[in-house]
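Input: a single structure, listed below in structure tokens.
The values are calculated or read from the model by the stated rules, or taken from the named source; none is laboratory data. None of these values were measured; they are calculated from a predicted model. All Cβ positions, glycine included, derive from the backbone under ideal geometry; neighbour counts span all protein chains shown.
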Amino acid sequence: MSEGKAPRPGPSCSAKGRDGENIAADFLQAEGWSIVARNLRWKGGEIDIVALREGVIAFTEVKSWNAMGPEELERAIGPDKRRRIIETAKIFLSRHREYNDWSVRFDVVLVRGGMVAERYPSAFTGDV
């Protein structure tokens, strides 16, 4: 019999992430945002949600955590992660020139316990 790690109880990380993204998307739509893209991937970068409202395009990172707070969130979305998000946003904007005159921002949504616990509009900045 081989020894290995015991299976983790509860949903997989990817299922938990999808659930969190669904909760965040519903929350944003309830606030009047239109979701135009989800799970946008490009060469190592990913954006969970691209949302539009009143001339603003928000590239949104969603984190689903039960026990971590803002300090851990800042570490999880460090400089490399932010750079990849910004680069992916540039690709999206280059392919969707209809948004060239829109204001761009990078938001973070923290989902905890099946609901949006925190929302950080303009959580970080970058040149796009």
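Values for this structure:
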| quantity | calculated |
| --- | --- |
| Residue in the range 79-102 that is within 18 Å of Val116 (Cβ to Cβ) and either of a type in the set (D, E, K, R) or surrounded by 11 or more Cβ atoms within 10 Å (Cβ to Cβ) (or both) present | no |
| Glu61 vs. criteria of a type outside the set (Gly, Ala, Ser), at pLDDT 95 or above and in a helix (DSSP H, G or I) | no |
| Condition check for Leu110: among the aliphatic types (A, V, I, L, M), more than 20 Å from Gly55 (Cα to Cα) and under 18 Å from the mean Cα position of the chain (by Cα) | yes |
| Selection from the range 39-63 of residues that are over 14 Å from Ile85 (Cβ atoms) and of a type in the set (D, E, K, R) | Arg53, Glu54 |
| Subset of the range 16-35 [over 13 Å from Arg119 (Cβ atoms) and in contact (Cβ under 8 Å) with a residue 24 or more places away in the chain] | Lys16, Gly17, Asp19, Glu21 |
| Among (1) at negative phi; (2) polar (S, T, N, Q); (3) surrounded by fewer than 13 Cβ atoms within 10 Å (Cβ to Cβ), the one test that Thr60 misses | (3) |
| Hits in the range 31-44 (condition: surrounded by 15 or more Cβ atoms within 10 Å (Cβ to Cβ) and modelled with pLDDT under 90) | Trp42 |
| Residues of the range 88-128 that turn out to be of a type outside the set (Asp, Glu), more than 18 Å from Glu46 (Cα to Cα), at pLDDT 95 or above and not in a strand (DSSP E or B), as a count | 3 |
| Asp48 at pLDDT 95 or above, touching a Pro at 6+ places or on another chain (Cβ under 6 Å) and buried (at least 18 other Cβ atoms within 10 Å of the Cβ) | no |
